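Here's the structure we're looking at; comments come further down.
Only the coordinates and a few stated rules stand behind these numbers; no lab work does. Here the structure is a predicted model, which is why all the values come from computation and not from measurement. Here Cβ is always computed from backbone atoms with ideal geometry, including for glycine, and neighbour counts include all displayed protein chains.
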Amino acid sequence: MNNCCVASTRERTEKTHANHLKEIEQMGDFDEVFVGDSITENFKYFEQESLWLDYTFGKKVLNAGVGGDKTSNVLWRLQNGLFDNIRPSKVSLMIGTNNIEKDNPVAITEAIKLIIEHIHNAVPNAKIKVYAVLPRSVTNPKKDNNIMKKVCSLNKQVQEMLQVNFQSFTEFIDMSASFAQGADYEELNQNLYFDHVHLNASGYSVWHKFLKESG
């Protein structure tokens, strides 16, 4: 069994998801929805909040990021009403970094395919922008020094999967070269991160630039 594809929840997922549903109830429809984990969620907080406000100015954008979410948690949220009452024209998806230490790229890719199928079935007219998992290191460097090989493999497989299955309504966006160097992007630009995974305001300014350029 591929656990990456089995919808599951946890307290943080349920609590934040409930807040997103309340926001939908209060705001009505949205032009664009961002789906992801803490990297997505944190875009609207802290020093980078001004970048989020700049991008969303004049638009109704729902940030549906949940810190710590894996593919299985996103599937649970999709199965529990995230798109039931909204019809955005664009959906931005970045998910997988919380899977990468324990799960293999093939399993994660299969889960991302399932997530895209769920989103497309819910909002068939939406363009889905699928972001590559960003370069990162590991929680314990002594445990695994080759995590970026897994990330690169995952991103390559996801890109190929999109081309084969969903080319007409998806766009793959890989920002890796802006965040790291090396054959497998193993050398992080530490000035863009505040730890081994999460971005600081400078890192979000890079993402902000990609958002502005991709429209």
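What whole number of Å gives the distance from the Cα centroid of region 85-136 to the Cα centroid of region 27-58? Region 27-58 and region 85-136 have Cα centres spaced 17 Å from each other. Residues whose amide H falls under 5 Å from that of Asp69, counting only those 5 or more places apart or on a different chain, are Ser38, with hydrogens built in the peptide plane. Note on region 1-80: semi-axes of the ellipsoid equivalent to its C-alpha gyration tensor, largest first and rounded to whole Å, are 24, 14, 11.
Across the cross-link table entries Lys90/Lys150; Lys15/Lys44; Lys60/Lys102, which are compared at the Cα atoms, the separations over 25 Å belong to Lys90/Lys150; Lys60/Lys102. Of the trypsin sites (Lys or Arg not before Pro) in region 8-98, the ones in a loop by DSSP (not H, G, I, E or B) with at most 12 other beta carbons within 10 Å are Lys59. In the chain, a dipole from Cβ-located charges (positive for Lys and Arg, negative for Asp and Glu) runs towards its positive end, and of Tyr193, Asn165, Gly65 it is Asn165 whose Cα lies farthest in that direction. Each of Lys102, Lys209, Lys129 has some number of other Cβ atoms within 10 Å of its Cβ, and from fewest to most they run Lys102, Lys209, Lys129.
Over all distinct Cα-Cα pairs of region 37-110, the Kirkwood formula returns a hydrodynamic radius of 13.8 Å. Candidates Asn104, Leu134, Asn19 compared by Cα position along the dipole of region 3-214: farthest toward the positive end lies Asn104, with charges placed on Cβ.
Loop-located chymotrypsin sites (Phe, Trp or Tyr not before Pro) in region 43-124 (DSSP state other than H, G, I, E, B) with a sparse environment of at most 13 neighbouring Cβ atoms within 10 Å: Tyr45, Phe57.
For region 87-195, the Stokes-Einstein estimate of translational diffusion at 25 °C and a viscosity of 0.890 mPa s comes to 168 µm²/s, using the Kirkwood hydrodynamic radius over alpha-carbon pairs.
Only Cα pairs under 8 Å and 6+ residues apart enter the sum, and on that basis the relative contact order of the chain stands at 21 percent. Within the chain, helices built from complete DSSP H runs that reach 18 Å or longer along their own axis (Cα positions) and carry a mean Kyte-Doolittle hydropathy of 0.0 or higher are 105-122. Strictly greater than 32 Å: what percent of every Cα pair in region 3-214 meets that? Summing the P(r) of region 3-214 above 32 Å gives 10 percent of all pairs.
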